[in-house]
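The values are calculated or read from the model by the stated rules, or taken from the named source; none is laboratory data. Just so you know, these numbers come straight off a predicted model, no measurement behind them. Here the Cβ positions follow ideal geometry from the backbone for every residue, glycine too, while neighbour counts run over all protein chains shown. Heads up: the accessible areas ignore ligands, DNA and RNA and are worked out on the full protein's heavy atoms, side chains in. Shrake-Rupley method; radii C 1.70, N 1.55, O 1.52, S 1.80 Å.
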Amino acid sequence: MDKEQFFQLTQQVSNITTENELKAWFRAFAKVVPHQFCLLGEWPLTLVSLPVCINFPVEKLKACLTDTQWQKDPLFISLDNRLGRSLLAVDPIAHPIFGRRLIVYGAPGPQLNNMLLMSFGNRQPSEDEINAIYFLAPHLHHAVKQLGGGSVPDTGIDLSSREREILIWLRYGKSNWEISQLMSITERTVKFHLQNIYKKLNVNNRTYAAIRANEMGLM
């Protein structure tokens with residue numbers, strides 16, 4: 001790893017103001033630390049607040065989140081077991097689809113729900129590269145937060161993040177049981193949230209709830 005180029009890139013992170021600039025920065029970073037793709041966001045991943053995807057199709061990520069198989073991934077299981085505490089982990093062997101991945105969760109920095117996931121394909125990142133990414137993680141998350149982005153329209157309807165996620169799963173036609181598995185909650189909790197959603201949107205079933213939320217721009 002070219003350390004001079006790395007330190008030049010670290011100084012440029014604070015100047016990032018648009019997503020195109022972020023992607024251009026990662027193209028330059030890939031020449032210093034070769035990698036295949038990167039995800040920057042918050043854990044747990046949801047369809048409500050998708051991470052910034054660098055060289056990874058958003059639709060592919062949505063498909064991964066819709067498929068509960070990702071919840072059985074050892075890397076994400078280790079992350080779930082570390083909630084509230086920092087984590088730095090690398091796949092011991094390359095994932096058959098996504099390659100050898102590095103994940104930084106929570107630290108350094110105060111935002112304990114921040115997650116950075118990077119794939120290196122079939123190669124093992126060096127110790128210098130791992131340390132460099134760990135050092136950069138909080139600065140990249142700060143840059144992402146600076147990007148801003150679209151806000152939820154002010155409709156006067158106060159939906160929680162969990163209620164918004166349930167609405168998205170309704171749009172995908174998921175049953176209460178499927179939603180409970182996807183969100184790691186009980187069916188009873190799903191029904192409780194649905195009743196709250198119906199009241200807030202002034203509807204009486206899941207179909208109209210999804211339609212109404214879509215019309216109001218709540219999803």
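Structure notes:
- Within region 76-98, being more than 28 Å from Ser175 (Cβ to Cβ) and in a helix (DSSP H, G or I) holds for one residue alone: Ser78.
- Helices (runs of 4 or more DSSP H) enclosed by region 128-202 - at least 1 residues per element that are more than 19 Å from the chain's Cα centre (by Cα) and at pLDDT 90 or above: 176-183, 187-201
- Of all residues making up region 27-38, the number that are closer than 13 Å to Leu116 by Cα and open to solvent by less than 10 Å² (accessible area, probe 1.4 Å): 1
- Residue in region 5-25 that is of a type in the set (Phe, Trp, Tyr), closer than 23 Å to His95 by Cβ and in contact with a helix residue (DSSP H, G or I) (Cβ under 9 Å, 6 or more places away or on another chain) present: no
- In region 30-55, the residues that are outside any strand (DSSP E or B) form Cβ pairs under 6 Å with partners that are hydroxyl-bearing (Ser, Thr, Tyr) and surrounded by fewer than 19 Cβ atoms within 10 Å (Cβ to Cβ), at six or more places apart or across chains, as follows: Val48/Ser161.
- Subset of region 57-70 [in contact (Cβ under 8 Å) with a residue 24 or more places away in the chain and either in contact with a Phe, Trp or Tyr (Cβ under 7 Å, 6 or more places away or on another chain) or open to solvent by 50 Å² or more (accessible area, probe 1.4 Å) (or both)]: Thr66
- Residue count, region 10-24 (criterion: of a type outside the set (Asp, Glu), in contact (Cβ under 8 Å) with a residue 24 or more places away in the chain and in a helix (DSSP H, G or I)): 5
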